[in-house]
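Chemist: Starting off with a structure, shown below.
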Amino acid sequence: MPLNTLVFRPGRTLAARSPLLYGQFIEHFHRQIYGGVYDPQSPFADEDGMRTDVLDAMRHIHVPILRWPGGCFVSSYHWKKAVGRQRTPVFDKSWRVEDPNTFGTDEYISLCRKIGCAPYICTNAGTGTPEEMSDWVEYCNLDSEGEFARWRRENGHPDPYKVRYWSIGNENYGFWELGAKDAQEWGRLVLESAKLMHHVDPEIELSAAALPDLDWNIHLLKACGQHLDWISIHKYWNLMAQENDFFSYEESMACTNDLDTDLRKVRGLLTAMGLEKRIRIAYDEWNLRGWHHPNVHTIRQGKTPEEYLLPRDKNDINQDYTMADAVFSACFLNTLNRNCDMVGMAAFAPIVNTRGCIFTHKNGIVLRSTYHVFDLYVNHLGDEILDGWVEEEETMTCRSRSGRLETVPVLDVLATRRSRDQALVIAAVNKHPSEARTLTLQTEGRLPRSRFRLLSVTGESTESYNDIGMEQVQLKCTPWQTVTESLCPTLAPHSVSLIEILPDTAHSIS
Ligand code: AHR
């Protein structure tokens, strides 16, 4: 059998992927909201102050769900200050800046409506109360009963927003989080919050901040597992809160051996507690790159803007988002798809600016390398995960940031079927920094008469990136070719590809 042979069974579906797996996250941090998606002064702004170029880009990758308003921001956020005609600017104690509160719940819902995604609201479990959370559910989901639904109506929004997805708190286990809790306190707070929120709207789906930690999760699930539909976990591999120190391509590839570590721990715990069929995982913050915000998640707070504010601008340097980000993100999306029996939702953090896939500037937007990976996966990959494995798997050695030598598979491959047209679509990531690789496809049984093409995201080098007026990373597509006896496409170095195999009988709609 040749090196790197994918053996897959078109007739054996392992699981169907939830559309929410390609979710996104946006936080009131730096230029994500103000100066990002919401910029009434921008020439691109629509009647509600939203940038139409950003909205178009979000629509093109069919954002299914958008988590908001934070992140750390929410742990001192009081939603009532950002609703209604009287908006009170507040000092955001989490990120230590003033928030004008001109973008609040009503604007957020309007944004979700404009791009056609499900809202996913994260509540303040830091300085907030269970009652404040349930008041928020009243405001959003009750028709006309009570002061908060009436307030929504007075503000010009008669129809309930029907917000189905809610997360109680954000990373409340962390020393960096305002109003952090210990595991016992957390279990109790989530229980009382869930009771109040369900008493307002029994239809909502609830998640709560969790992590791949036995003690934390056992307390949480014992205290209120019966109230939860989801548990939320987060992961950034290249942490840069204090130092804006980017992993190299090789170090990033070394991290691809650590893509499902946390997932396996949480899966194990949920299964051990007999909850694996009832509670799903919401991987609602993930990115290779952690955000840069020095001297805030520290005991000694920065005193001058130079110490804690201006460094945040470094998050917006487009040159830093290369093929490492695209290749790593595709490998993680493959991991999420492989675990889609338990992972029902995920959110890339964030979508706009900072480490996001869309960058805004006054004359337009830049679609970074990760954006094209979402375009590829959302618009072309199948939604049914097929049984498949790689035989004669080739590996390479990558040195991680800690100096450890990681033996990493060169290819990351996933077999899927697309329910809309029965196309077989193989995701094939070549992590090799400089050499192309041939992937041999072998199916159980013969493929019907078909044609295939390759859609790829790649760039000249591992350091290729997109910037204002410059596009080194693009989504390219080969012409259709007839499938002959053997199907052995060549994958460019440091590339993300989909092999689309369309039976002649099927109508291709893409
Ligand atoms: O660095 C950004 C922060 O990372 C998010 O606000 C938080 O949820 C995570 O720790």
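Chemist: Mean separation of Cα pairs under 8 Å and 6+ residues apart, divided by the residue count of the chain: what relative contact order is that in percent?
Modeler: Working: 1165 pairs, mean separation 94.0, N = 510.
Reported relative contact order: 18 percent.
Chemist: Shifting gears a bit: Provide the per residue accessible area, probe 1.4 Å, for the chain, rounded to a whole number of square angstrom. Walk me through the numbers on the way to the answer.
Modeler: Details: 19880 Å² over 510 residues.
Value returned for the chain: 39 Å² of accessible area per residue.
Chemist: Could you derive backbone 3J(HN,Hα) for segment 400-406 from the dihedral phi with the Karplus parameters 6.51, -1.76 and 1.60 (θ = phi - 60°), listing whole Hz in sequence and x where the residue is Gly or Pro?
Modeler: Along segment 400-406, the couplings run 7, 4, 7, x, 5, 8, 9 Hz.
Chemist: So, by mean Cβ neighbours within 10 angstrom, what's the order for 274-281, 15-22 with the highest one leading?
Modeler: Details: 274-281: 16.8, 15-22: 19.1.
Listed from highest to lowest mean packing, they are 15-22, 274-281.
Chemist: Let me ask something else. What spacing in nm lies between the two simple spin-label points modelled at Thr52 and Leu310, each 7 Å away from Cα in the Cβ direction?
Modeler: Here the modelled spin labels are 3.7 nm apart.
Chemist: Principal axis extents for the chain, Cα atoms only, whole Å, descending order, please.
Modeler: Between the extreme Cα coordinates on each principal axis of the chain lie 69, 49, 46 Å.
Chemist: Give the lysines reachable from Lys93 as a straight Cα distance under 27 Å; neighbours fewer than 8 places away on the same chain don't count.
Modeler: Output for Lys93: Lys80, Lys81, Lys181, Lys235, Lys303, Lys314.
Chemist: Also, I was wondering about something else. Report the one residue of Ser464, Leu269, Val296 whose Cα lies farthest in the direction of the positive end of the charge dipole of the chain (charges on C-beta: Lys and Arg +1, Asp and Glu -1; origin at the Cα centre).
Modeler: Leu269
Chemist: So for the pair Met273, Leu3, with labels modelled 7 Å out along Cα→Cβ, what separation do we get in nm?
Modeler: 4.5 nm
Chemist: Right, next: Tell me which lysines have Cα within less than 21 Å of Lys476's Cα, excluding those fewer than 8 residues away on the same chain?
Modeler: Lys431
Chemist: Please list the three semi-axes, largest first and in whole Å, of the ellipsoid equivalent to segment 9-68, using sqrt of 5 times the eigenvalues of its alpha carbon gyration tensor.
Modeler: They are 33, 13, 7 Å, listed largest first.
Chemist: How large, in percent, is the carbon and sulfur part of the accessible surface of the chain at a probe radius of 1.4 Å? Write down the numbers at each step before the final one.
Modeler: On the way: 10240 of 19880 Å².
Roughly 52 percent of what the probe reaches on the chain is carbon or sulfur.
Chemist: So for segment 241-350, what are the equivalent ellipsoid semi-axes in whole Å, largest first, each being the square root of 5 times an eigenvalue of the Cα gyration tensor?
Modeler: 32, 19, 11
Chemist: Using the Kirkwood radius built from alpha carbon pairs, what does the Stokes-Einstein equation give as D for segment 376-510 at 25 °C and 0.890 mPa s, in µm² per second?
Modeler: Value of D from the Cα-based Kirkwood radius: 152 µm²/s.
Chemist: Another question, then. Which value, in debye to the nearest 20, gives the size of the charge dipole of the chain about its Cα centre, when Lys and Arg are +1 and Asp and Glu are -1 at the Cβ? Please report the intermediate quantities before stating the final value.
Modeler: Numbers: 53 positive and 69 negative charges, 105 e Å.
Here the chain has a charge dipole of around 500 debye.
Chemist: Over its Cα atoms, what ratio of radius of gyration to 2.2 N^0.38 Å does segment 31-137 give?
Modeler: Expressed relative to 2.2 N^0.38 Å, the Cα Rg reads 1.07.
Chemist: How big is the C-alpha Rg of segment 137-293 next to the rule-of-thumb value 2.2 N^0.38 Å, as a ratio?
Modeler: 1.23
Chemist: Work out the length of the dipole vector of segment 277-352 about its Cα centre, built from +1 on the beta-carbon of each Lys and Arg and -1 on the beta-carbon of each Asp and Glu, and round it to the nearest 20 debye.
Modeler: Magnitude of the dipole: close to 400 debye.
Chemist: To the nearest 0.05, how large is the calculated FRET efficiency for His198 and Ala16 if R₀ is 25 Å and r is the Cβ-Cβ distance?
Modeler: Here the calculated transfer efficiency is 0.35.
Chemist: Of His78, Ser18, Val37, which is farthest on the positive side of the dipole of segment 18-125, counting Cα position, with +1 on Lys and Arg Cβ, -1 on Asp and Glu Cβ, and the Cα centre as origin?
Modeler: The Cα lying farthest towards the positive end belongs to His78.
Chemist: I've got another one for you. Assigning unit charges at the beta carbon (Lys, Arg +1; Asp, Glu -1) and nothing else, what dipole magnitude in debye, to the nearest 20, does segment 362-510 show about its Cα centre?
Modeler: Numbers: 15 positive and 20 negative charges, 76 e Å.
That gives segment 362-510 a dipole magnitude of about 360 debye.
Chemist: For segment 155-194, state which chymotrypsin sites (Phe, Trp or Tyr not before Pro) are in a DSSP loop and have at most 12 other beta carbons lying within 10 Å of their beta carbon.
Modeler: Here the chymotrypsin sites (Phe, Trp or Tyr not before Pro) that fit, given the DSSP loop and packing criteria, are Phe175.
The values are calculated or read from the model by the stated rules, or taken from the named source; none is laboratory data. Treat the numbers as computed from the prediction; the structure is a model and nothing was measured. Heads up, the Cβs are rebuilt from the backbone with ideal geometry, glycines too, and the neighbour counts pull from every protein chain shown. Calculation scope for accessible area: heavy atoms of the full protein, side chains included, ligands and nucleic acids excluded. Shrake-Rupley method; radii C 1.70, N 1.55, O 1.52, S 1.80 Å.
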